[in-house]
1. Just give me the residues in region 316-340 being buried (at least 19 other Cβ atoms within 10 Å of the Cβ) and touching a helix residue (DSSP H, G or I) at 6+ places or on another chain (Cβ under 7 Å), in sequence order.
2. Pairs needed: first member in region 336-354, at positive phi; second member anywhere, of a type outside the set (Phe, Trp, Tyr) and in a loop (DSSP other than H, G, I, E, B); C-beta distance under 7 Å; at least 6 residues apart or different chains.
3. Assuming ALA43 fulfils every condition listed in (1) assigned to a strand (DSSP E or B); (2) more than 21 Å from ILE257 (Cα to Cα) apart from one, which condition is it?
4. Do we have any residue at all in region 301-323 that's of a type in the set (Gly, Ala, Ser) and assigned to a helix (DSSP H, G or I)?
5. Give me a count of the residues in region 173-202 that are in a helix (DSSP H, G or I), in contact with a strand residue (DSSP E or B) (Cβ under 9 Å, 6 or more places away or on another chain) and in contact (Cβ under 8 Å) with a residue 40 or more places away in the chain.
6. Name every residue in region 346-378 that is farther than 15 Å from ARG284 by Cα and among the β-branched types (Val, Ile, Thr), in order of residue number.
7. Suppose we keep only residues that are surrounded by 24 or more Cβ atoms within 10 Å (Cβ to Cβ) and more than 19 Å from VAL220 (Cβ to Cβ) within region 136-154. Which one would you say is nearest to the chain's Cα centre (by Cα)?
8. I'd like the full set of residues that are without any contact (Cβ under 8 Å) to a residue 24 or more places away in the chain and within 24 Å of VAL20 (Cα to Cα), limited to region 211-241.
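The values are calculated or read from the model by the stated rules, or taken from the named source; none is laboratory data. Quick caveat, the model's predicted, so the values are computed rather than measured. For neighbour counting, all protein chains shown are included, and Cβ atoms are generated from backbone atoms with ideal geometry for every residue, glycine included.
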Amino acid sequence: MEFSKEEITRYSRHLILPEVGLDGQKRLKDAKILLIGSGGLGAPIALYLAAAGIGTVGIVDFDEVDISNLQRQIIHTTKDIGRPKIASAADKIKAINPHVKVLSYNTKLTSKNALDIIKDFDAVADCTDNFPTRYLVNDACVILNKPSFYGSIYRFDGQSSVFYANKGPCYRCLYPSPPPAGFAPSCAEGGVLGVLPGIIGCIQANEIIKFLLGAKDLLVGRLLTFDAWKMKFREFKIQKDENCPICGKHPTIKSLIDYEDFCGLKSKNEEAVEEISAEDLKNRLDNKEAVNIIDIREPHEYAIAKLPNSKVIPLGQVVRRMEEIDQKNDTVFVCKVGTRSVYAIKALREAGFKGRLLNLKNGVLAWAENIDKEMAVY
């Protein structure tokens, strides 16, 4: 008998399924699954894999629990704020199922460590929230011949697939190149419905369990999309790209590359954007200097927290409304964390704006931290 009496009772609802049974449950117990991230997507995956009886769950995460995580990252609680996410996640996994072995990697996944970390696992759950790591996970899994169970979320939209180059297309077949740097805002900037990662993460967990049980009808070659606002699922076929540089007939990528550079996140000798700190801006306002403050967030976001004397011109309207900005004065551009505002400045430069353009370093969050302690942080 591979299971104790307690385990038989614990997994009884699995064991009476003919598709699982004792043999299937043993496969789950012998399995080793690696989660890249223990946030919105990683949280439900970790909880359900633990409950299902996966023998070993690995977690790669170097972040700490923040109060803003708790709206969706259900594996963490209020008392975990400030703790490493891997520690918080490990506690919850053990609380659900003490039979699960947890392997924690408190580090950032990089081209230098990815192959060493992933090689001993049966499959990878891609729970990342940025393009460099997604391409890194994909390429590492192709090189190691491991399936990657993909999920992504943004606002009300989610998608999931299984990328397994041995059986079908990989992530690069679907997205050969990343979007321009800054084109796709993160959840921290664009927002996300709290239940959405739970739905997509459960789909990923479902596919992982099916894979381990030997099911044939996985999401290989299929992209499942979900609109939480309209409550609609759609499915698209993904064709394997014979010219794919990593999994095609004649691959040109034979080892892991610099993914920050690949995704355009490294400077290309372009003109730097001039920054101003929250303290310096406050001093200029106190001295009654003529400074334009343009907040490029959407009005509903601006309503949460705003700088004094600021004007809202959403990022998508900046160029066509640039005549509203007095070019004789210095203009400070503001967003939540100081990233989207950079693109407003670059767009205005390309459009021929002649005035001096400054970016508020670290955005509204810096103002809240260093100037206005009563300002709401979101």
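1. Matches in region 316-340: VAL318, MET322, VAL332, PHE333, VAL334, CYS335, LYS336, GLY338, ARG340.
2. From region 336-354, the pairs are GLY338/LYS361; GLY338/ASN362.
3. Looking at each condition in turn, ALA43 falls short on (1).
4. Taking every residue of region 301-323 in turn, at least one turns out to be of a type in the set (Gly, Ala, Ser) and assigned to a helix (DSSP H, G or I).
5. Residues that pass the stated criteria total 8.
6. VAL364, VAL377
7. Only one residue fits best here, namely ILE153.
8. Correct list: LYS216, ASP217.
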